[in-house]
Amino acid sequence: MSIIRLIAISAALFAQTDSGIKGVVARNARPELVQEGFMFTEGPVGTADGGLYFSDIMGADKTYRLDSSGKITLYRSNTNGTNGLALLRDGTLIGAEGTGK
């Protein structure tokens, strides 16, 4: 299941209760499909500006950035299966490589 679909499903479930998750999902949020075609998305991490980084670890082996306007751009390719993403306090993106040495 892609992260975009997972986010959409999660948002739909929370939207049904109209309660949201404070600081994560806005009250009455509605899911929106941004893009299809990813194989195995993983490791989403939100940014202070409303964006999101995520990895497509199977086949594509890339990390992408979804900006607050909904545009997806390639952030990094040949990621060695990077999945678990995190942002350091200074904004540096780090990730756990699954196949790197």
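The values are calculated or read from the model by the stated rules, or taken from the named source; none is laboratory data. Since the structure is predicted, the reported quantities are computational estimates derived from the model, not experimental observations. All Cβ positions, even for glycine, are placed from backbone atoms using ideal geometry, and neighbour counts span all protein chains on display.
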Residue in segment 48-60 that is farthest from Thr99 (Cα to Cα), counting only those that are over 10 Å from the mean Cα position of the chain (by Cα) and surrounded by 11 or more Cβ atoms within 10 Å (Cβ to Cβ): Ala60
Which fully enclosed strands (runs of 3 or more DSSP E) of segment 35-101 have 3 or more residues being among the hydroxyl-bearing types (Ser, Thr, Tyr) and modelled with pLDDT of 90 or more? 72-77
Check segment 61-73 and report whether any residue there is assigned by TED's automatic domain parsing to the domain that holds Val45 and more than 15 Å from the chain's Cα centre (by Cα). no
Which of the residues belonging to segment 67-101 are charged (D, E, K, R), surrounded by 11 or more Cβ atoms within 10 Å (Cβ to Cβ) and within 19 Å of Gly51 (Cα to Cα)? Asp67, Lys71, Arg76
